[in-house]
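The values are calculated or read from the model by the stated rules, or taken from the named source; none is laboratory data. Predicted model only: the values in this text are computed from it and were never measured. Virtual Cβ from ideal backbone geometry, glycine too; neighbours counted across all protein chains shown. Please note that ligands, DNA and RNA were not included when accessible areas were found on the heavy atoms of the full protein model with its side chains. Shrake-Rupley method; radii C 1.70, N 1.55, O 1.52, S 1.80 Å.
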Amino acid sequence: MPEVTNDLMEKIVSFCKRRGFVFPAGEIYGGLSGAYSYGPYGVTLKNKIKQKWWDRFVSRRDEVYGLDGPIILPSRLWEASGHIGGFNDAMVDCKKCRKRWRADHLVEEATGQDLEGDLEALNKALPEIPCPSCGAKNWSEARFFNMMFKTEMNGVEGAVYLRPETAGAIFAEFKNVVDVMRPKLPFGIAQIGKAFRNEIIVGNFIFRTREFEQMELEYFIDSEKDWQPIFDALLEEQEHFFIDDLGIDSKKMRRYEHPKEKLSHYSRKTIDLEYDMPFGGFKELCGLAHRGDFDLKQHSEFSNQKLEYFEATTNRHVTPHVLEPSFGLDRCFLVTLLSAYQEENVSETETRVVLKLPADLAPVTIAIFPLLKNKPELVGVAREIYENLRSKFSCEFDDNGNVGKRYRRQDEIGTPFCVTVDFDSLEDETVTVRDRDTMVQERIKISELEKYFLGRLKK
Ligand code: GAP
């Protein structure tokens, strides 16, 4: 798979480094492929995305409970989930240039055929496909490679694994949550956290990495009731998250339903939400899978514990079915930037980069400047405003360079409002508030700033 192919992606990658959103990790040691650090503005944006997800899928729902499980869990759990035995991708080596590839991705990119998991078919198709790196058609046999990261732990016999998804801990704590919270079906358990997959090929910036974050909800439903309306409602909620919370253009998104023959035997339906990426077209952002009772039954069997739910009204013990909305946080972050990044001509000679992020997602909500850095009376008032507003909003104090440059810097990181304290402020106790998108400036009374911003942020 090509690394970064498109102009917009190149711009985003260099923007992210230049403005402190995402850095290639450990560059002073030569870096590590597919490893990234979120910088000062990036980590704030990422945290705000997480918070919006948590608000929508957990806090605003009475029937969903949060969880924060460990990265390393008993290995038996990953046997039960099928990850140790079957979490494999097919890899293949070019015998000429020695580059390693994911075999199904090579075939899909060249022919459009999805042969994931079918080694025989992949080995038949490969001889016709040139190596994207050197053009040779000289392949090794395609073979499966397990994607679990293995390590060891003091006091534990045998290998332990870094979790390949957050869902595992949710099933492991199903019984605890049911015993403590006594929920009624349907109910959900949600978790946000890191996941690790030893991917054969990483690339396209933070789209595919070996360490990433997931936001997952396991939604337990009564197997005897109609699941379709609940599935549809969850899928719509996933779309609302992208469109309403992250500001993604709905025209760039689509639903992709996995063909029946590709579904696991226990699954009734899986739909991915995809985004039209600048590299290679529509790519998966998140999925919604009907997983039947596979997980609870497997974990019951492997743990020798009853993972059931007792319904008092009907006096029944049931194994609920599960619907699983699963999101990659780093992909949410990437599409948020791709959607927000714009270059605008502001005059015949000047363009500006502006991140048109939803106001409540921007790393800095309000930037506060004194007109001149060397006038203590202006700096004092600006500092006082900054101290007052920072407990309510994400604020930044900036006195570097001239005001025009400060506006451009704040536009670039998506700051929706800039406040400038000038000499008039000392006379009439008003300041200039400048809007990122329209660049219109208005005078607002200092004493009314908090109310003004609360009003603007509600819209
Ligand atoms: N529990 C279900 C599950 O893990 P998945 O489709 O394998 O399903 C869910 O992963 C989401 O995690 C994907 O839709 C994607 O957004 C994200 N994801 C998966 N592998 C990733 C990787 N290597 N790098 C970044 N994000 C990834």
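Rounded, prolate or oblate: pick one for segment 72-140, where a ≥ b ≥ c are the square roots of the eigenvalues of its C-alpha gyration tensor, a/c under 1.5 means rounded, and failing that, prolate if a/b is larger than b/c, else oblate.
Cα axes put segment 72-140 in the prolate bin.
Enter the accessible area of D114 (Å², nearest 10), with the probe set to 1.4 Å and all protein chains included.
Accessible area of D114: about 60 Å².
In segment 194-283, what chymotrypsin sites (Phe, Trp or Tyr not before Pro) fall in a loop by DSSP, with at most 16 other Cβ atoms inside 10 Å?
Y266
Could you sort K52, K297, K124 by their accessible area in this structure, using a 1.4 Å probe and putting the largest first?
Sorted descending by solvent-accessible area, the residues read K124, K297, K52.
Note the count of lysine pairs whose C-alpha atoms are less than 26 angstrom apart in segment 269-370, limited to pairs 8 or more residues apart or on different chains.
Final tally of qualifying lysine pairs is 4.
Stokes-Einstein D for the chain at 25 °C, 0.890 mPa s, Kirkwood Rh over Cα pairs, in µm²/s?
Stokes-Einstein gives a translational diffusion coefficient of 98 µm²/s.
If you wrap a convex hull around the Cα atoms of segment 312-367, how much volume per residue is inside, in Å³?
Once divided by residue count, the hull of segment 312-367 is 161 Å³.
If packing is taken as the average count of other Cβ atoms within 10 Å, what order do 424-436, 127-139 fall into, highest mean first?
424-436, 127-139
Restricting attention to the chain, give the cysteines that have no other cysteine Cβ less than 4.7 angstrom from their Cβ.
Flagged as lacking a Cys partner: C16, C286, C332, C395, C418.
Angle between the Cα long axis of helix 376-389 and the longest principal axis of the chain, 0 to 90 degrees, nearest 10?
Here the helix axis deviates by roughly 40 degrees.
Straight-line reach from K375: which lysines have Cα under 22 Å away, leaving out those fewer than 8 places along the same chain?
Partners found: K405, K445.
Averaged per residue, what accessible area in Å² does the chain show with a 1.4 Å probe, protein chains only?
Ligands and nucleic acids excluded, the result is 48 Å² per residue.
Using a 1.4 Å probe on the protein chains only, how many percent of the accessible area of segment 168-271 belongs to carbon and sulfur?
C and S fraction of accessible area: 47 percent.
Report, please, the projected area of segment 189-347 averaged over directions, based on the convex hull of its C-alpha atoms, in nm².
It is 12.6 nm².
Could you tell me how many degrees, from 0 to 90 and to the nearest 10, lie between the Cα long axis of helix 403-412 and the main elongation axis, the longest principal axis, of the Cα atoms of the chain?
So the inclination is approximately 10 degrees.
Which entries of K50/K175; K48/K458; K96/K150; K52/K451 have Cα-Cα distances beyond 19 Å here?
Flagged as over cut-off: K50/K175; K96/K150; K52/K451.
Residue by residue, what Karplus-based ³J(HN,Hα) values in Hz, rounded to whole numbers, does segment 73-80 have, using 6.51, -1.76 and 1.60 with θ = phi - 60° and x for Gly and Pro?
10, x, 5, 4, 4, 7, 6, 4
Considering only T270, I243, L307, whose Cα is most displaced toward the positive end of the charge dipole of segment 182-326, charges sitting on Cβ of Lys, Arg (+1) and Asp, Glu (-1)?
Value computed over the given set: L307.
Compute the angle between helix 40-54 and the longest alpha-carbon principal axis of the chain, please, reported from 0 to 90 degrees and rounded to the nearest 10.
Approximately 60 degrees, to the nearest ten.
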